[in-house]
Amino acid sequence: MKPSVTKLLDYYYPFQSDGYRYLDGTYPFYQWIRESIDLPNAVVLNVGAGPTAKEKERRLKGQVKRLVGTDPDVIVLQNKDLDEAYVNDGIQLPFPDASFDAIYSDWVIEHVEKPDEFLKEVYRVLKPNGVYLFRTANWWHYVTLIAAFTPHWFHKLVANRARGMTQESHDPWLTFYRMNTPSAIRQKTQQAGFKQCEVRLFESHPSYLLFNPLAFRVGVLYERLVNKFNWLARFRHTIYVKLIK
């Protein structure tokens, strides 16, 4: 990341007392997870767990009774935050019916090719009145639209660079965006059988524009506008969802 961009990032989105930047979207999502489950007694499944999370807020091991994770990538077997890890095909979950009190997915739904089948599996392994929470990208955001209409080789070439990530970072996973609007989420989750669906929209700091100070300033202006006016909420980048079986 260029020093000029770092300076702008620190000015517009300074670190808070909790260690997260102002308008970082990770903290509110994981707080919502913690508030929604009976932490010490909950058996929890992380669908799309991937590698060990860097942020401490994303680590639930030791706070819940048992934390299980699945992912199509074998990297999940190296995830130190899990009590148990399994490699799956991205759809089928290798567990009996009603196995979990809570399930969550973080930046996973955009990578799901068959969301109807995916939701049915989540519903199947969730206990009655259990919760499923996920965070995903909003189709109507400029970053998602660009990603949706560009090929995967382009994502591999520029995505990590645009976010200021190191060369050692994992390449972007393939995306489909088959359930990435509030209306599509409500429709498909209702069809899957979930009885309640709560959707929240949030715009965080412009993490995809860290490659250039001018682009970053434009991103800041966009963030300020869509967060200030509720009628622009549909254009915020991040969708948080809480479902109840």
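Can you find a residue that is in contact (Cβ under 8 Å) with a residue 40 or more places away in the chain and among the acidic types (Asp, Glu) anywhere in the stretch 60-83? Scanning the stretch 60-83, I find at least one residue that is in contact (Cβ under 8 Å) with a residue 40 or more places away in the chain and among the acidic types (Asp, Glu), so the answer is yes.
Scanning the stretch 81-106 for residues that are within 24 Å of Phe176 (Cα to Cα) and in a strand (DSSP E or B) yields Tyr86, Val87, Ile103, Tyr104, Ser105, Asp106. Within the stretch 25-76, the set of residues being among the acidic types (Asp, Glu), modelled with pLDDT under 95 and outside any loop (DSSP other than H, G, I, E, B) comprises just one member, Glu57.
Is at least one residue of the stretch 93-115 small (Gly, Ala, Ser) and at pLDDT below 95? For the stretch 93-115, residues small (Gly, Ala, Ser) and at pLDDT below 95: absent.
Restricting attention to the stretch 107-146, which residues are of a type in the set (Val, Ile, Thr) and in a strand (DSSP E or B)? Those that are of a type in the set (Val, Ile, Thr) and in a strand (DSSP E or B): Val131, Thr136.
Quick one: is Asp97 among the charged types (D, E, K, R), touching a helix residue (DSSP H, G or I) at 6+ places or on another chain (Cβ under 9 Å) and closer than 30 Å to Val218 by Cα? No, not satisfied.
Applying the condition of being out of contact with any Gly (no Cβ under 7 Å at 6 or more places or on another chain) and not in a helix (DSSP H, G or I) to the stretch 201-210 and asking which residue is least open to solvent (accessible area, probe 1.4 Å) yields Glu203.
Quick one: how many residues across the stretch 184-212 are out of contact with any strand residue (DSSP E or B) (no Cβ under 9 Å at 6 or more places or on another chain) and at pLDDT below 95?
Here is the first cut: in the stretch 184-212, the ones out of contact with any strand residue (DSSP E or B) (no Cβ under 9 Å at 6 or more places or on another chain) are 184, 187-188, 191, 193, 206-212.
When the remaining residues are screened for being at pLDDT below 95, the result is 206-212.
Total satisfying the criteria: 7.
Restricting attention to the stretch 126-138, the residues that are open to solvent by 60 Å² or more (accessible area, probe 1.4 Å) and in contact with a helix residue (DSSP H, G or I) (Cβ under 9 Å, 6 or more places away or on another chain) add up to 0. Contact map, the stretch 1-13: first residue in contact (Cβ under 8 Å) with a residue 60 or more places away in the chain and aromatic (Phe, Trp, Tyr), second residue open to solvent by 60 Å² or more (accessible area, probe 1.4 Å) and in a loop (DSSP other than H, G, I, E, B), Cβ cut-off under 9 Å, separation 6 or more or different chains; pairs are Tyr12/Tyr22; Tyr13/Tyr22. Selection within the stretch 213-245: residues that are without any contact (Cβ under 8 Å) to a residue 60 or more places away in the chain and open to solvent by less than 40 Å² (accessible area, probe 1.4 Å). The member of this set that is farthest from the chain's Cα centre (by Cα) is Ala215. Looking only at the stretch 4-39, residues that are within 28 Å of Lys65 (Cα to Cα), open to solvent by less than 30 Å² (accessible area, probe 1.4 Å) and of a type outside the set (A, V, I, L, M) come to 7 in all. For the stretch 4-12, state whether one or more residues are among the β-branched types (Val, Ile, Thr) and either over 30 Å from Val125 (Cβ atoms) or more than 20 Å from the chain's Cα centre (by Cα) (or both). Checked the stretch 4-12: at least one residue is among the β-branched types (Val, Ile, Thr) and either over 30 Å from Val125 (Cβ atoms) or more than 20 Å from the chain's Cα centre (by Cα) (or both).
The values are calculated or read from the model by the stated rules, or taken from the named source; none is laboratory data. What you see is a predicted model; the values in this text were computed from it and never measured. Neighbour counts are summed over all protein chains in view; Cβ atoms, including those assigned to glycine, are modelled from backbone coordinates with ideal geometry. With ligands, DNA and RNA removed, areas are computed over all heavy atoms of the protein, side chains included. Shrake-Rupley method; radii C 1.70, N 1.55, O 1.52, S 1.80 Å.
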